[in-house]
Amino acid sequence: MDCKRLLLTALLGLVCASCATPTPRGSPGALEDVQPGHRPTATSDEAGLWMYMERMEQRLRTSGRIVTDAGLNEYVRGILCKLFPSYCKDIRFYIVETPHFNASMAPNGFMQIWTGLLLRAENEAQLAYILGHEFGHYVRRHSVQQWRSVRKTTDALTFFNLGAGAAGVGYVGNIAQLAALASIMAFSRDQEREADTIGFELMVRADYDSTEAARTWEALIAERDAADAPEQFIFFSTHPATEDRVKTLKQRTANLKVTGNPIKGREPYLSAIRPFRAAWLRGELYKHDFSATQVLLDRLIAVGDNPGELYFFRGELNRIRGEEGDAERAISNYHRALETLDAPAETSRSMGLVFWRSGRAEEARAAFQRYLGARVDAPDREMVESYVKELE
Ligand SMILES: [Zn+2]
């Protein structure tokens, strides 16, 4: 294990042996639920945690990684307000440009939603379930419980410095810092169960199709199981994925007496994310975990939306990975993309590069010319024209 990975593990694995177990509501010693507009009194121990979180929030806000698009932010706010209307005006949320599945809600009420989650959710119901689940951790004050139990065994300053010290150690460091921000530590199984119950109840109350809750986990587990670097699945570090969880969610859905037509919300969801999807998929390829990305792309193709773009990225995966047989696979994916109406113009350019690398000059030239014809305003026109010349 290299030191960056060790740091990541250390950060994410701060689970004490006596992990806080949620005390049922109303029983002696139970923490009160967070009420809308809550702020801890200045003298309470919770105030220290808030101060730290406020600093982290400020850092996140100025990190340059926040997606500020008004349409997307408004859309997500609409879902949050539908799920927990009385908390709506107190919640601050940030869409963070990071190619990993994650969401969290800090004890001072700010939420993070990573673009890797938005890319992976298939519809509004899946996103609503995850947001409801994170809200469950917040409203039941799980972070505060964890913080108190860690404080019994660890010097708080050591803990906070570990989070802050993760900055500036490159890509993994940034992820580790974001993860530290995302959740100050892993939740216990009981806390997870409670958050699942709350997330599930909230989605049902908002009329979302609850079958999507278990589906969200199943899709993520399949991707993690195929991954070359499963430890990069940060969400699992703070939210252990168990068969038990999926089974319980399915059981709950089976026990529901569903009336009417529960909402999946696929169309509005896709309209909201479509303008960003290509950039997010590009970000996935930069992770170079091709096995996991392959599973993700296969799933997105199977559920189907703008298949041209998805086949193009499957071709890109083959082209960048460059293993034996990948050139043929890339060309076949690009062909399938070009059979659709939504293939990006770049499909022909990439195809040209693969043909060229495979010594198929004639086909490479034709592909580059097709690209230049399709993209009159191509920013790399001069360069691609030089390729065509070279291939004549
Ligand atoms: Zn959780």
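Laid out as a table, the results:
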{"item": "Residue order, fewest to most beta carbons within 10 Å, for H142, H38, H100", "result": "H38, H100, H142"}
{"item": "W356, W114, W147 arranged by Cβ crowding within 10 Å, fewest neighbours leading", "result": "W356, W147, W114"}
{"item": "Entries of K82/K264; K89/K247; K250/K287 with Cα pairs more than 26 Å apart", "result": "K89/K247; K250/K287"}
{"item": "Relative exposure of I221, I95, I113, judged by other C-beta atoms within 10 Å (fewest first)", "result": "I221, I95, I113"}
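All of the numbers you see were taken from the coordinates with simple rules; none came from a lab. Predicted model, so just to flag it, every value in this text is computed and none were measured. Every residue, glycine among them, receives a Cβ derived from its backbone with ideal geometry; neighbour counts consider all protein chains shown.
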